[in-house]
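Here's the structure, in structure tokens; my notes come after.
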Amino acid sequence: MSRGFRYDAVVIGAGSAGLVAATRLAQAGASVAVLAKGVGCTHLAAGTVDVLGYAPELVSRPLEAVAALTHENPQHPYARIGQQRIGEALRWLQATLDAGPLAPYTYVGDADHNGLHPTALGALRPSALVPSTMAAGERTQLERVCIVGTPALRDFHPSLCAANLSRAGVQARAVSVELELERADMSTLGIARRLEEPRWRAEFCARLTPLLRSEERVGLPAMLGLREPHTVHADLEHRLGRRVFEIPSLPPSVAGMRLYESLRAALRAAGGRLMLGAEVVSHTREDGRLSAVQTGAAGHAASYSADAFVLASGGFASGAIELDSHWATHERVLGLALDGVPAPGEPRFLPDYQAAQPLASVGVAVDAQLRALGASNVYVAGASLPGAVPWREASGEGIAVASGFAVAQTITGGRERHG
Amino acid sequence: MSDLAELALLRGSLDHCIKCTICETACPVAAATPLFPGPKYAGPQSERYRVLGEPSVDASVDYCSGCGICSQVCPQGVKIAEINAQARDKLKRQRGVPLRDRIITRPTWLGRVGTPVAPLANLTLRLRPTRVLAQRLLGVHRDAALPRFAGRRFSRWAAARSSPRSARRVVYFHGCGTEYYEPWEGEKVVAILEHNGFEVITPRQDCCGLPLQSSGLFDDARKAVLKLARALAAHLDGEETIIVGNATSCTLMLKREAREILALSEDPTLRLVAERTYDICELLLELHHRGELRTDFRALPETVAYHAPCQQQGHWIGKPALELLELIPELDVREMDARCCGIAGTYGIKAEKYEIGMRVGQELFSQVQASGAATVACDSETCRWQIAHATRREAVHPIDYLYRAYGLGQPGV
């Protein structure tokens, strides 16, 4: 018996690039299936949208800096996406959050300006868009701040965060609040769930209030609720009588989970399908086109054919691109050609860990339309793209959102479903 | 391959764990109770301390419901739920298996005893004193949803008729829920398949062993699933013949869980059965995607809430039932996105876990109530019983809607 499902478009990967591309495709009227081995990068990332933070100096106006960057490096993903679409993509993302299940929780900021926001270590990190619950932590608004932690949260050290913020010129100090928890250790996710219970939240505020000084803002790890972040954040500001902001912390990233849930809801509302656990294990190519991919479903492989495919499976970090023990690089999902691979004899790694490591900018070779070379109906988005060094540039989420947006636009020719 | 080598295969997936905590974010049990520390903690982390021949280090793994969501969301392919199932088996061997778990895990035995005396059995099982006693003596929670014996067996109905001959044949795996509790579901499955031109073969069959497996009775589970596999495989005459089932957790048992959790991946009969087994909605949607499903549906102007149960999600093919329901004109389908109803087979009926199960399901129950739907569609029978119990709404298999939309009439009552 011949087997298989058929969609207009199949997206591989459920990180932010894949979910943005799939949602846009579905909104344009295409039938879409997202195939993903598991949940993607959202749950591990900060939950902010960093377009361009360093080039290599600190960037305050990202879109302007993108113009200079792409002039210098025409292989950079932004060179193929274009400044205008970066702005459009970010505005679309904000509109999606505004209309989503977590509203009025949304993303604030724009692609023309970076804000500087504290990290868990107390460094100041440039971001274009941040969740509304993080907005009050922007550097220009920070004079006096109290960083709050709890002993059960072992991945966040308020005194370390405060000490480093003080070095950056913020008057910062740290307090730790004992909480009634059933467990000796808890993640930000566990606390986020508790903070959605009004009584527990009231108790938390009652314990914190006497520790605070006047004119201090409060900075907390990103744990102000998962389903109702706006309510939790507003209630904390009300009870504590001051501005409160979240600081991204170690995984699981509560802010990233909110982004995932918002995009998933938008995809579902547009009629797209999400198949988790569906790792692409083989594919069928005909005449330079991809005709179908097969996933490792239970019992037997499931086959998905489509007119267009989006590869958004990530780079080395997700395992979609690998460097094997023979020092050869491979794109493991579809076996596509890679770009940016150091030539034989050239260094693959540099001695300085933080340097622009040559392997970091390896990605699937694409044309100006972000189409994979050798597979004319495969479009590439996110960390699968070559030419960028996201962690040095602070550009990962920006590339993901903008390239996901761009490939969907290319595939549908800019169509949008009306009515 | 030896048992040990097969276990090592599963355990080898641990090396891929990068401790990213994505499984922890999705675990419905850890979100509902501090008694379960989460799949990463109980699985990849504790597994390092589980040494062959030494006592189990962590009793909390008993609170894992086995829903399998952790393995589904893991971006690294770690077999978290499967590793935890094996750890639970080890714990059970060490602690001893309670009498309750020896009884409630044998649906074939229960069905054979209960069916001839169905009215009396159903009445007795709904009397408060019986339930209080059952909780005290057996540890079956007095409020937990228990199914009603139908009083007739699906297989008798199937044996008394013959399916019209066709070149397209399917072997029907109806499972125990259809056999003893909901024979009408099987009658609808047969009618839908025949409507689409299939000849339906219904072999004699018993339990797939899933309840035994999820309660940690692995040896008995192996016997049950291999016996079933042989019974089904005997009818796989042609290359094209497939097996189709409507109990989604039992088809998953045949497709994957028995092979991985019970370390039976090398059994050739089970492998053949796994490759050929389809969930009913999976089969129908594939037919539709290649233009072979009859779509002579009449309009059903009503609202239905659809919940994809965890075990259906474990097939790793998305939600085929949702797409099928959306083919029916005027049917307003509301997709529930809560993960789990909390029953997880027999987990939620156990006295010490009932409350946890109800808390796990709370999000789903709230979504159902908010949906405005009078009926919930769900592919798994134990989940339907739990949802009906908690929401006071009717819960049916998605194929009920297809059956009605096809206008296939009333089955035997």
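Does A:R243 qualify as being within 12 Å of another protein chain (Cβ to nearest Cβ) and out of contact with any His (no Cβ under 7 Å at 6 or more places or on another chain)?
No; evaluated as a whole, the condition is false for this residue.
List every residue pair whose Cβ atoms lie under 8 Å apart, where the two residues are 6 or more positions apart in sequence or sit on different chains, the first residue falls within the range B:304-316 and is touching a residue at least 12 places away in the same chain (Cβ under 8 Å) and more than 11 Å from chain A (Cβ to nearest Cβ), and the second residue, located anywhere, is of a type in the set (S, T, N, Q) and surrounded by 24 or more Cβ atoms within 10 Å (Cβ to Cβ).
That search, which allows pairs on different chains as well, returns B:P309/B:T248; B:P309/B:S249; B:P309/B:S380.
Specify which of the listed residues (B:I103, B:I69) is under 24 Å from B:E381 (Cβ atoms), out of contact with any Ser or Thr (no Cβ under 7 Å at 6 or more places or on another chain), of a type outside the set (S, T, N, Q) and modelled with pLDDT of 90 or more.
Within the list B:I103, B:I69, the selection yields B:I69.
Out of the residues in the range B:224-237 that are open to solvent by 30 Å² or more (accessible area, probe 1.4 Å) and touching a residue at least 60 places away in the same chain (Cβ under 8 Å), state the one that is nearest to the other protein chains (Cβ to nearest Cβ).
The extreme case among them is B:D237.
Looking at the range A:175-185 only, could you name the residues that are within 24 Å of A:A46 (Cα to Cα) and open to solvent by less than 40 Å² (accessible area, probe 1.4 Å)?
A:V175, A:V177
Restricting the range B:201-223 to residues that are of a type outside the set (D, E, K, R) and open to solvent by 20 Å² or more (accessible area, probe 1.4 Å), which is modelled with the lowest pLDDT? Working first, answer last.
If we filter the range B:201-223 for residues that are of a type outside the set (D, E, K, R), which is where we start, we get B:201-203, B:205, B:207-218, B:221.
Of the ones still in play, those that are also open to solvent by 20 Å² or more (accessible area, probe 1.4 Å) are B:201-202, B:205, B:210-211, B:214.
Working: B:I201: 97, B:T202: 97, B:Q205: 96, B:L210: 95, B:P211: 93, B:S214: 87.
Taking the candidates together, the pick is B:S214.
So how many residues does the range A:261-309 have that are touching a residue at least 24 places away in the same chain (Cβ under 8 Å), not in a loop (DSSP other than H, G, I, E, B) and not β-branched (V, I, T)?
22
Would you mention how many residues in the range A:298-338 are surrounded by fewer than 23 Cβ atoms within 10 Å (Cβ to Cβ) and under 30 Å from B:C250 (Cα atoms)?
Summing the residues that are surrounded by fewer than 23 Cβ atoms within 10 Å (Cβ to Cβ) and under 30 Å from B:C250 (Cα atoms) in the range A:298-338 gives 4.
Just the residues that are more than 18 Å from B:L210 (Cα to Cα) and open to solvent by less than 50 Å² (accessible area, probe 1.4 Å), please, taken from the range B:257-293.
Selection gives B:R276, B:I280, B:C281, B:E282, B:L283, B:L284, B:L285, B:E286, B:L287, B:H289, B:L293.
Which numbered condition trips up A:V254, out of (1) within 16 Å of the chain's Cα centre (by Cα); (2) more than 14 Å from chain B (Cβ to nearest Cβ)?
The single condition A:V254 does not satisfy is (2).
Is it the case, given these coordinates, that A:V232 is in a helix (DSSP H, G or I), open to solvent by less than 20 Å² (accessible area, probe 1.4 Å) and over 26 Å from A:A372 (Cβ atoms)?
yes
Among the residues that make up the range A:387-400, is at least one of them within 21 Å of A:L290 (Cα to Cα) and open to solvent by less than 10 Å² (accessible area, probe 1.4 Å)?
Scanning the range A:387-400, I find no residue that is within 21 Å of A:L290 (Cα to Cα) and open to solvent by less than 10 Å² (accessible area, probe 1.4 Å), so the answer is no.
Just name the residue that is most open to solvent (accessible area, probe 1.4 Å) out of those in the range A:32-64 that are among the polar types (S, T, N, Q) and away from every other protein chain (no Cβ under 14 Å).
Ranking the qualifying residues of the range A:32-64, first place goes to A:S60.
Pick from A:G271, A:G277: which is at positive phi, within 10 Å of chain B (Cβ to nearest Cβ), crowded, with 20+ Cβ neighbours inside 10 Å and not hydroxyl-bearing (S, T, Y)? Reasoning before the result, please.
Details: A:G271 fails: crowded, with 20+ Cβ neighbours inside 10 Å.
Of A:G271, A:G277, the one residue that is at positive phi, within 10 Å of chain B (Cβ to nearest Cβ), crowded, with 20+ Cβ neighbours inside 10 Å and not hydroxyl-bearing (S, T, Y) is A:G277.
Is one or more of the residues making up the range A:171-187 within 14 Å of chain B (Cβ to nearest Cβ) and either of a type in the set (S, T, Y) or assigned to a helix (DSSP H, G or I) (or both)?
Yes: one or more hits.
How about the range B:38-95: which of its residues are among the aromatic types (F, W, Y) and either in contact (Cβ under 8 Å) with a residue 40 or more places away in the chain or surrounded by fewer than 19 Cβ atoms within 10 Å (Cβ to Cβ) (or both)? Before you say what the answer is, go through the steps one by one.
Pass one, the range B:38-95, residues among the aromatic types (F, W, Y): B:41, B:49, B:63.
Scanning the range B:38-95 gives B:Y49, B:Y63.
Mind counting the residues in the range B:349-363 that are at pLDDT below 95 and either within 14 Å of another protein chain (Cβ to nearest Cβ) or in a helix (DSSP H, G or I) (or both)?
Residues meeting the conditions: 1.
Just checking, which of A:G404, A:G387, A:G374 is touching a residue at least 60 places away in the same chain (Cβ under 8 Å) and part of a helix (DSSP H, G or I)?
A:G404
Which ones in the range A:12-31 are buried (at least 24 other Cβ atoms within 10 Å of the Cβ) and either away from every other protein chain (no Cβ under 13 Å) or under 11 Å from the mean Cα position of the chain (by Cα) (or both)?
Within the range A:12-31, A:A14, A:G15, A:S16, A:A17, A:G18, A:L19, A:V20, A:A21, A:T23, A:R24, A:L25, A:A26 meet the criteria.
For the range A:202-217, enumerate the residues that are outside any loop (DSSP other than H, G, I, E, B) and open to solvent by 80 Å² or more (accessible area, probe 1.4 Å).
Within the range A:202-217, A:E203, A:P210 qualify.
Identify all residues within the range B:188-200 that are within 21 Å of B:R153 (Cβ to Cβ) and either in contact (Cβ under 8 Å) with a residue 40 or more places away in the chain or crowded, with 18+ Cβ neighbours inside 10 Å (or both); write none if there are none.
Of everything in the range B:188-200, those that are within 21 Å of B:R153 (Cβ to Cβ) and either in contact (Cβ under 8 Å) with a residue 40 or more places away in the chain or crowded, with 18+ Cβ neighbours inside 10 Å (or both) turn out to be B:K188, B:V189, B:V190, B:A191, B:I192, B:L193, B:V200.
Of all residues in the range B:315-326, how many are open to solvent by 10 Å² or more (accessible area, probe 1.4 Å) and in contact with a Leu (Cβ under 8 Å, 6 or more places away or on another chain)?
Count: 2.
For the range A:280-297, what are the residues that are at the interface with chain B (Cβ under 10 Å from one of its Cβ atoms) and open to solvent by less than 20 Å² (accessible area, probe 1.4 Å)?
Hits for the range A:280-297 are A:T295, A:A297.
What number of residues in the range B:366-397 are farther than 23 Å from B:T251 by Cβ and in a loop (DSSP other than H, G, I, E, B)?
The qualifying residues number 5.
Looking at the range A:126-168, which of its residues are in a loop (DSSP other than H, G, I, E, B), under 24 Å from A:L179 (Cα atoms) and not small (G, A, S)?
Residues satisfying the conditions are A:T150, A:P151, A:L153, A:R154, A:D155, A:F156, A:H157.
Please work out which residue is surrounded by the fewest Cβ atoms within 10 Å (Cβ to Cβ), limiting yourself to the range A:1-11 and to residues that are more than 9 Å from chain B (Cβ to nearest Cβ) and in contact with an Asp or Glu (Cβ under 8 Å, 6 or more places away or on another chain).
This residue is A:D8.
The values are calculated or read from the model by the stated rules, or taken from the named source; none is laboratory data. If you're wondering where the values come from, they're calculated on a predicted model, not measured in any experiment. Because the Cβ atoms are built from the backbone with ideal geometry, glycine has one as well, and the counts that use them run over all protein chains shown. Side chains included, ligands, DNA and RNA excluded: accessible areas come from the protein's heavy atoms. Shrake-Rupley method; radii C 1.70, N 1.55, O 1.52, S 1.80 Å.
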